[in-house]
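Before any comments, here is the structure.
The values are calculated or read from the model by the stated rules, or taken from the named source; none is laboratory data. In this text the structure is predicted, and so the values were computed from the model without any measurement. When we count neighbours, we look across all protein chains shown, and the Cβ atoms used for this are built from the backbone with ideal geometry, even at glycine. For the accessible areas, the whole protein counts, side chains as well, though only heavy atoms, and no ligand, DNA or RNA atoms are used. Shrake-Rupley method; radii C 1.70, N 1.55, O 1.52, S 1.80 Å.
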Amino acid sequence: GYFLSFRGGPVLWGSHRQKVIAFSIAEAEYMSMATLGRFIVYATQLIKELQYDHDISVMYVPLYEDCEPAIRIAEKPGFTQRSVSIRLSYHIIRELVRDKIVKIHKIPGHDQPADILTKSLSKAKTFKFCQHLFRFPKRTH
């Protein structure tokens with residue numbers, strides 16, 4: 001699953017079954033990053049067309065990923081034994097990293113808010129992620 005936020009609020013999110021078979025979790029996560037990368041390119045272009053880019057202070061879009069091998073595939077140019085089976089269309093994420101449009105940040109798996117779209121979570125974790133993603137008010141009791 002993925003979320004794209006702008007100015008602290010979610011503007012795009014999704015979760016879907018991938019159309020291609022991934023041979024590892026790293027490949028599946030890498031393909032998911034590529035899907036989000038395409039949306040980032042689209043959203044960046046839309047913001048520029050709306051002439052809102054004068055107020056954007058970040059030079060790149062942060063992308064948070066909890067799978068270290070997927071991050072290594074995205075950040076390492078060329079093909080490796082791990083990346084050779086991934087379709088070329090998913091390597092857009094490498095271009096976005098190389099061109100400094102996206103910067104991937106490693107986060108712990110238990111702190112991945114996109115899990116709300118793909119996993120069965122406890123009530124506390126669901127509320128925590130909703131609070132983070134949708135800016136719900138904190139509980140007082």
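For segment 40-55, check the following and say yes or no: at least one residue is in a helix (DSSP H, G or I), of a type in the set (S, T, Y) and open to solvent by less than 70 Å² (accessible area, probe 1.4 Å).
Step one: of segment 40-55, the residues in a helix (DSSP H, G or I) are 40-49, 53-55.
Subset that is of a type in the set (S, T, Y): 42, 44.
Still in the list and also open to solvent by less than 70 Å² (accessible area, probe 1.4 Å): 44.
For segment 40-55, residues in a helix (DSSP H, G or I), of a type in the set (S, T, Y) and open to solvent by less than 70 Å² (accessible area, probe 1.4 Å): present.
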Among (1) at pLDDT 85 or above; (2) surrounded by fewer than 20 Cβ atoms within 10 Å (Cβ to Cβ), the one test that A70 misses: (2)
Given (1) open to solvent by less than 60 Å² (accessible area, probe 1.4 Å); (2) modelled with pLDDT of 85 or more; (3) assigned to a loop (DSSP other than H, G, I, E, B), number of the condition L63 does not satisfy: (3)
